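The values are calculated or read from the model by the stated rules, or taken from the named source; none is laboratory data. All of these numbers come straight from a predicted model, not from anything done at the bench. Counting neighbours? That spans all protein chains shown, and the Cβs are built from the backbone with ideal geometry, glycine included. Each accessible area value is taken on the protein alone, full model and side chains, heavy atoms only, with ligands, DNA and RNA left out. Shrake-Rupley method; radii C 1.70, N 1.55, O 1.52, S 1.80 Å.
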Amino acid sequence: MNKSKQSNLNTFLKVDYKEDNSIWLTNSLTLRKIIGVLGMAMPLLLFIFLYLDNGLQHPLESVSHYYYTRVSGIFVIILSLLAFFLIVYKGKEPIDFYISLFAGIFALLVVLFPTNNITEICGDTTKKYAVTILPNSDFRVYFHYTSAALFFLCLSYMSFFLFTKSDQSPSERGTNKIIRNRIYRTCGVLMLLALLTLFAGSLKIIHPSYFKTFSLTFWMETLAIESFGFAWLVKGETLFKD
């Protein structure tokens, strides 16, 4: 890697070699960028690697169902990394830390309490991509859904209310800050709308056949994840930097 590319990467990740015994990952901008990249990459990586491994050309019912496939490692590793990064993220005020801490804990609970099985048959020839079966547990499944919902609610709250804060009055804010705030609010609303759609599906306000035919659960979860990731990328000063 030449010096120019290395310097650009160091700048992007906020790696300062002049600070002895420092951990570059503790830089808040670095954490925001990594959280954003990991979040936005996860659904795409899950789909691509399962396609490469098994040839599956359609998404599974839910992002969480990839836990039961050959690409479960990607799901567990990325979500766990996101959880730990959110837990150690401090922000500027105590509320930033606590909301991020709760989001990280809920993300870990999503991993520790997986959703329902893809199939109940070991070696199901109609679902060759399924490689894991867990004992049925209504508690585990409901706890999974509750943790996932609280995870996204925390992230939506951060995007809509915390990321938009500023030390300056609205009239003194620059153009890029105004644009960023619009992005944060849009991402927060999209996460909330995705959750409301999933909740409407669980109450059968939206007919279950629509969810199955159009993979609505997967796409609503993906919408929420991509919105969350994009908001954190922008917060990491990747776009519309002052």
### Message
Considering only segment 91-98, I want to know if a residue exists there that is under 24 Å from Leu190 (Cα atoms) and open to solvent by less than 30 Å² (accessible area, probe 1.4 Å).
### Response
yes
### Task
For segment 184-223, name all the residues that are closer than 18 Å to Leu44 by Cβ and touching a residue at least 60 places away in the same chain (Cβ under 8 Å).
Ser215, Thr217, Phe218, Trp219, Glu221, Thr222
### Query
What do you reckon, is Ile225 under 22 Å from Leu29 (Cβ atoms), touching a Pro at 6+ places or on another chain (Cβ under 7 Å) and in a helix (DSSP H, G or I)?
yes
### Query
Would you say Thr175 is under 20 Å from Leu239 (Cβ atoms) and free of Cβ contacts under 8 Å to residues at least 40 places away in the same chain?
yes
### Message
Name the single residue that is surrounded by the most Cβ atoms within 10 Å (Cβ to Cβ) among those in segment 174-216 being farther than 19 Å from Ala231 by Cα and aliphatic (A, V, I, L, M).
### Response
Leu198
